[in-house]
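What follows is calculated from the coordinates using simple rules that are stated; it is not laboratory data. On a predicted model such as this, the values are computed, not experimentally measured, just so you know. Don't worry about glycine lacking a Cβ; one is built from the backbone with ideal geometry, like all the others, and counts go over all protein chains shown.
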Amino acid sequence: MLDGLAAQVMYFAEGLEKLGVEVQVSRVGKFKSAVEPFIRDSMSPENREQLDTLLRDLFQTFLSETALARGLPVGELERVVAERAVLTSDEAVAAKFVDHVASFDRVLDELRDFAGPGAAGTSFLQVPLRAYVHELGDPFGTVRGGSGSNQIAVVYAQGEIVDGESLDQIGGATLARELRKLRTSSNAVAVVLRVDSPGGSASASEEILCEVERLREDGKIVVVSMAGVAASGGYWIASKADAIVAQPNTLTGSIGVFGMFPNAAGSLANLGLKSEVVKTGPYADWSSLWRRKEPEELALVQRHIDRIYDGFLDRVAGGRKLDRAVVEENAQGRIWSGTRAKELGLIDELGGLDDAIALAAQKAGVSTDYFVSFPERRSPFDELFGTLLADEHGTPVSRVAAGELFGALPTDVRAALTALGGLARHLEHGGVLARLPFAITVR
């Protein structure tokens, strides 16, 4: 199949209305579409524009890299997308998309001819991954390359950004503390912050950014390496690095802020539940799920969000040395591909983690005299109990039953429940969010 990319966005406003749930929002940025599914039944023109541009950028990256790998003109791939979409196996061979056609048993025969017969129970000679990694000297260990005393520390920021400590997310306090330790280290000359995050809490993002700034003030080089996603709060924490490196198809930007405030009074009333309030100030219960926000309350929230958005623009303009008016024009919550972000000055280079490490070494003046450190592995205690409390596939047993049930649901139903689960997480944060409007899965 070579049929192009499509974005499908689900909308819940009518469904929520039937459930007696109203969602009020405050946001800045006409492209900040995270709130749209909860207040609209159709796509806004702005969101349609940004999705169209983003998909075209991502697909152009796919076309150019596939054409290069297969030795084909890009036009041939585009022709198949426009005219055929689906090829038979023989047609794929003729088009040079595939080298040859064979059943799996024939592939095993070829591997046996190439590598020789395997040990008992295997069709051909093969090496277990664990043994292979061990033979290589564990390239995924905590230290890699070089014998010098200058440390380039790789620090990972993966997941949603939340206030407090990290569990399976990026805790602002946890990551800030890790960066603070490196700031006081005499060996560390540079930090490569590997960001794979759609953002999250604005306050936690600021807490992390403060430590990035302090690292630079103390003479350490900071280079950000963007993975698949480094947007909104994920871009916030990157904005003041010495340099930013991203892949062509990295999702980045999304410089915008929003808050969502559901009113579930109608739904709760249908269950026979009611609430009464005693308070010492007119806004003491403004965050309650039991009532809608009054105009003056939304105005107070909007003022707060506007201030955070202005601060976001200031940080990007200062960190990237861009005119603030230009940043504001390219912000508005809009998502950009890595390729487009480089054109706009939001990143410096296109490349991967190794490119970011080499750039950090160059900027620190230690291009030939450094070693790279990675985060420590989990302790043997954690590994032991993680194994004991997991099924045969490594999944914690507490998640197995729920995961099997969820996996049995139709794809669109799973997508809807995941989106609604995102709303629940937003309510849990309870604050203003700088977060990517959506998650993109290519399948």
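Note that the range 175-286, at 37 °C in a medium of 0.692 mPa s, gets a Stokes-Einstein diffusion coefficient of 196 µm²/s from its Kirkwood radius over C-alpha pairs. Residues 10, 226, ranked from the fewest to the most other C-beta atoms within 10 Å, line up as 10, 226. Taking other C-beta atoms within 10 Å as the exposure proxy, 68, 179 rank 68, 179 from fewest upward. Taking N as the residue count of the range 245-376, its C-alpha radius of gyration divided by 2.2 N^0.38 Å amounts to 1.63.
Pairs of Cα atoms in the range 1-156 fall into 10 Å distance bins, from 0 up to the last occupied one, in shares of 8, 18, 15, 23, 22, 12, 2 percent.
Derived from the Cα gyration tensor, the three semi-axes of the equivalent ellipsoid of the range 158-216 are 20, 11, 10 Å, largest first. Neighbour counts of other Cβ atoms within 10 Å put 224, 81, 28 in the fewest-to-most order 81, 28, 224.
Here the spin labels are modelled as points 7 Å beyond Cα on the Cα-Cβ line, and at residue 187 and residue 168 they lie 3.2 nm apart.
Kindly state, to the nearest 0.05, the FRET efficiency for residue 283 paired with residue 3, given R0 = 45 Å and r defined as their beta-carbon distance. If you can, show how the numbers build up before the last one.
On the way: r = 52 Å, r/R0 = 1.16.
Efficiency, from the Cβ-Cβ distance: 0.30.
Evaluated at q = 0.18, 0.19, 0.21 Å⁻¹, a Debye calculation over the C-alpha positions of the range 67-201 (equal weights, vacuum) places log10 I(q)/I(0) at -0.98, -1.03, -1.17.
Working note: Karplus 6.51/-1.76/1.60 with θ = phi - 60° gives the range 206-217 the couplings 5, 4, 5, 4, 4, 6, 4, 4, 5, 4, 5, 4 Hz, where Gly and Pro are set to x. In this rough spin-label picture, where each label sits 7 Å from Cα along the Cβ direction, the residue 41-residue 100 distance is 5.8 nm. Here r is the Cβ-Cβ distance between residue 114 and residue 210 and R0 is 60 Å; the resulting FRET efficiency, rounded to 0.05, is 0.60. Students often get this wrong: which residues of the range 42-67 have the backbone nitrogen under 20 Å from the point 7 angstrom along Cα-to-C-beta of residue 78? Answer for the range 42-67: 52-67. Here the spin labels are modelled as points 7 Å beyond Cα on the Cα-Cβ line, and at residue 107 and residue 10 they lie 3.2 nm apart.
Over 20 Å between C-alpha atoms is what I'm after, so list which of 240/363; 321/342; 220/240; 18/279; 32/321 land there.
Numbers: 240/363 15 Å; 321/342 14 Å; 220/240 13 Å; 18/279 31 Å; 32/321 24 Å.
Violating the 20 Å limit, Cα to Cα: 18/279; 32/321.
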